[in-house]
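The structure appears below as structure tokens.
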Amino acid sequence: MLKDVLSYGLGTLVALAVAGALAFLFVRDITQKKHSVLRNYPVIGRLRYFFEQLGEYFRQYFFAGDRDEMPFNRATRGWVYRLAKNEGGLIGFGSTYDLHQPGALIFVNHPFPVLEEERLPTPSLVLGEGHCRDPFEARSLVNISGMSFGAISAPAVRSLSRGAAVAGCWLDTGEGGLSPYHLEGGCDVIMQIGTAKYGVRDAEGNLSTDRLLELSRVVKAFEIKLSQGAKPGKGGVLPGRKVTPEIAHIRGIPEGRDSISPNRHRDISNMSELLERIAWLRDLTGKPIGVKTAVGGWRFMNEMAEIVHRRGLEFAPDFLAIDGGEGGSGAAPQALADHMGLSIEEALPRVVDAL
């Protein structure tokens, strides 16, 4: 028997195996009813999906220009990589940045700049001064925005914490709660309270005063997240496969089940309730209380300014985090990411005018 098999040669056997596999794929493609391309073009139609998947990886290397991609093009990524490796951020032969495109970002230079040896340190920004028992002196104007533990890994959070400590800036926890990795680097931490209240909730999903008081001993401020630019009007999503025992413990949710945040705070349905919640949290924790939101027009900020003017500064947030519609997220519906929320260039002037 073995002699008969060997007499055909391995090449013949391989050819028969390939032919059998192709015949199997042909029958499977022509009988399935899910993909019309495979049904009309059995076997060879699979090349479409193969090249479609490869295109995602090869476009950035062979076809896209240095300034074509979004949100961060190749030129920007390369600059960041070189700085991260201490290779410097120098370029030669001029910039490829298009200064004539609408909305191009340009910093205005001064003909007589301050000499390096004469420059002064950036003055610190005090959050909650005169309004809370424990104001926070922010040493940096550039800080790290919220990225939840679970959406990003423990090594990523640990690296951000250590980097923030070196840079002297604060680190926002994101809506996933405070993990030990946020505190590991010794940086200033702002605890974000999302719509699901992860990390500060009781068994029923309501705010826990005990957890708030416990966390107030290790964080510098709290931030109420109303919405984010990547998906205004929709809560965060963490698939069940990522809800490990550690993440479940930190967030106060069941292990292994999808973690889906409500699209708004159940206890905050209007501006008056938001400002009352801010005053309550500030009185309870003694910490500055801020608000993070995407902006959809004039009404939100104008209404906040009017009510604060009428009721007093004790109801005002100590800081605002404005998220542009171009913001990113680990999981956002494309329709919301593409078309919901004003860009940061349009949102900030509205906020400034209202204030």
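Read-outs throughout are calculated quantities, based only on the coordinates presented, and are distinct from any laboratory measurement. What you see is a predicted model; the values in this text were computed from it and never measured. A quick note on method: Cβ atoms are made from the backbone with ideal geometry, for glycine too, and the neighbour counts reach across all protein chains shown.
Among the GluC sites (Glu not before Pro) within region 297-328, which fall in a DSSP loop and have no more than 13 other Cβ atoms within 10 Å of their own Cβ? It would help to have the intermediate numbers written out before the result.
Numbers: sites: Glu303, Glu306, Glu314, Glu326; in loops: Glu326.
When the GluC sites (Glu not before Pro) of region 297-328 are filtered for loop state and at most 13 Cβ neighbours within 10 Å, nothing remains.
How high is the relative contact order of the chain, in percent, with contacts defined as C-alpha pairs under 8 Å that are six or more residues apart? Intermediate values should be presented prior to the final figure.
Working: 527 pairs, mean separation 41.1, N = 355.
It rounds to 12 percent for the chain.
Among Gly328, Gly256, Ile193, whose Cα projects farthest towards the positive end of the dipole of region 126-354, with charges put on the beta-carbon of Lys, Arg (+1) and Asp, Glu (-1)?
Gly256
For Lys225, enumerate residues with amide H under 5 Å from its amide H, sequence gap 5+ or separate chain, H modeled in the peptide plane.
Amide H neighbours of Lys225, under 5 Å, 5+ apart: Ile193, Gly194, Lys292.
Can you give me the C-alpha center-to-center distance between region 95-158 and region 224-298, rounded to a whole angstrom?
Comparing the Cα centres of region 95-158 and region 224-298, I get a distance of 24 Å.
Chymotrypsin sites (Phe, Trp or Tyr not before Pro), restricted to region 102-195: which are DSSP loop and have at most 16 other Cβ atoms within 10 Å?
Those that pass, being in a loop and sparsely packed, are Phe107.
Taking R0 as 56 Å, what's the FRET efficiency between Ala167 and Thr12 from their Cβ-Cβ distance, rounded to 0.05? Could the numbers behind the result be given before it?
Details: r = 66 Å, r/R0 = 1.18.
Once rounded, the FRET efficiency stands at 0.30.
For a bin width of 20 Å, list the pair-distance distribution of the chain built from all Cα-Cα distances, rounded to whole %.
P(r) for the chain, in whole percents per bin: 22, 47, 22, 8, 1.
Projecting each Cα onto the charge dipole of the chain (Lys/Arg +1, Asp/Glu -1 at the beta carbon, about the Cα centre), which of Ala21, Pro155, Asn86 comes out farthest on the positive side?
Final value for the positive-end residue is Ala21.
Which FRET efficiency value, to the nearest 0.05, do you get for Ile30 and Glu56 by plugging their Cβ-Cβ distance into 1/(1 + (r/R0)^6) with R0 = 22 Å? Spell out each step's value before the answer.
Details: r = 28 Å, r/R0 = 1.27.
Efficiency, rounded to the nearest 0.05: 0.20.
Give me, ordered by chain and number, the residues 5 or more places off Asp318 or on other chains with an amide H under 5 Å from its own placed amide H.
Ile289, Gly290
What number comes out for the charge environment of Ala347, summing +1 per Lys or Arg and -1 per Asp or Glu over other residues with Cβ under 14 Å away?
Numbers: positive: Lys292, Arg299, Arg350; negative: Asp323, Glu326, Glu345, Glu346, Asp353.
Local net charge: -2.
Under a Cβ-only charge scheme (Lys and Arg +1, Asp and Glu -1), can you give me the dipole magnitude of region 126-354 about the Cα centre, in debye to the nearest 20?
On the way: 26 positive and 29 negative charges, 85 e Å.
Value, rounded to 20: 420 debye.
Running a GNM on the chain with Cα contacts under 10 Å, which residue among Thr209, Thr173, Thr96 ends up with the highest mean-square fluctuation?
Looking only at Thr209, Thr173, Thr96, the biggest GNM fluctuation is shown by Thr96.
Quick one: how many lysine pairs does region 126-354 have with C-alpha atoms less than 26 Å apart and a gap of 8 or more or different chains? Give me the count, please.
Total qualifying Lys-Lys pairs in region 126-354 comes to 18.
Please figure out what share of the DSSP beta bridges in the chain is antiparallel and state it in percent, rounded to the nearest 5.
Numbers: 6 of 24 bridges.
In the chain, DSSP labels about 25 percent of beta bridges as antiparallel.
Where does region 152-216 land on the Kirkwood hydrodynamic radius, alpha-carbon pairs, in angstrom? Working shown, then result.
On the way: mean 1/r = 0.0819 Å⁻¹.
Mean inverse Cα-Cα distance, inverted, gives 12.2 Å.
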